[in-house]
Amino acid sequence: DLSARVRLGHDGTKLYVAIAVKDNVLSPKDGLSLMLSPANYRKWLLNREKFELSFGMGVPRTDKEPQGTGKHGFAYPCHRTADGYTSEATLNRADLKLASGGKIGWIIHVADDDNTKHLNKAGWARKSVLLIPNHPTFAYWGDARACCELVLE
């Protein structure tokens with residue numbers, strides 16, 4: 001009832017992140033976020049490290065499809081599909097100080113609620129969470145050390 005495919009790319013100027021999420025029930029508590037960490041994801045010996053950059057992408061729950069912009073040239077449109085939704089985000093590589101051969105920590109967080117009864121009413125409670133990449137050695141919701149390393153060629 002929840003899966004996702006991710007494609008990453010760049011053209012020398014922008015970093016592109018395309019995400020296709022399959023979700024059989026879209027609900028108000030569903031969420032999609034891209035978290036980036038230029039430095040903190042490599043600080044393995046410290047207690048807890050924060051993501052330096054976090055970008056929330058709206059999830060289309062009705063016919064109105066969210067779009068947004070933000071710092072670092074971040075922009076995204078989000079579209080409903082027959083079995084979920086897609087989002088295509090762009091970020092300026094120069095704003096991220098991400099040159100060719102540069103490295104950055106990244107993780108995508110897909111939250112699914114499905115209007116499930118008897119969940120905690122808090123905003124953070126979800127039926128399931130999908131992480132890409134999925135190797136949460138540390139707390140996935142707030143520790144940059146759970147990131148994977150992206151190297152631009």
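Every number here is computed from the coordinates shown, using simple stated rules; none is lab data. Everything numeric in this text was worked out from a predicted model, so none of it was measured. When we count neighbours, we look across all protein chains shown, and the Cβ atoms used for this are built from the backbone with ideal geometry, even at glycine.
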How long are the semi-axes of the equivalent ellipsoid of the range 41-120, taking √(5λ) for every eigenvalue λ of the Cα gyration tensor, in whole Å from largest down?
28, 21, 10
With the Cα gyration tensor of the range 1-51 giving a ≥ b ≥ c as the square roots of its eigenvalues, does the rule (a/c under 1.5 for rounded; else a/b larger than b/c for prolate; else oblate) give rounded, prolate or oblate?
oblate
Between residue 47 and residue 129, Cβ-based FRET efficiency (R0 25 Å, step 0.05) works out to 0.65
Run the reach check for residue 127 against lysines, Cα to Cα strictly under 16 Å, same-chain hits fewer than 8 apart removed. What comes back?
22, 29, 117
Over the chain, what is the mean sequence separation of C-alpha contacts under 8 Å (at least six apart), divided by residue count, expressed as relative contact order in percent?
28
Output the relative contact order of the range 46-94, whole-number percent, from Cα pairs under 8 angstrom with separation of 6+ residues.
27
Report, ordered by chain and residue number, the lysines lying within cross-link reach of residue 97, taken as a straight Cα distance under 28 Å and ignoring same-chain residues fewer than 8 apart.
14, 43, 50, 71
Pairwise Cα inverse-distance average, inverted: Kirkwood Rh of the chain (Å)
16.1
Taking placed amide H atoms and a strict 5 Å upper bound, the residues 5 or more places from residue 74 or on another chain that come that close are 92
Loop only per DSSP, at most 15 neighbouring Cβ atoms within 10 Å: give me the chymotrypsin sites (Phe, Trp or Tyr not before Pro) in the range 1-104, ordered by residue number.
44
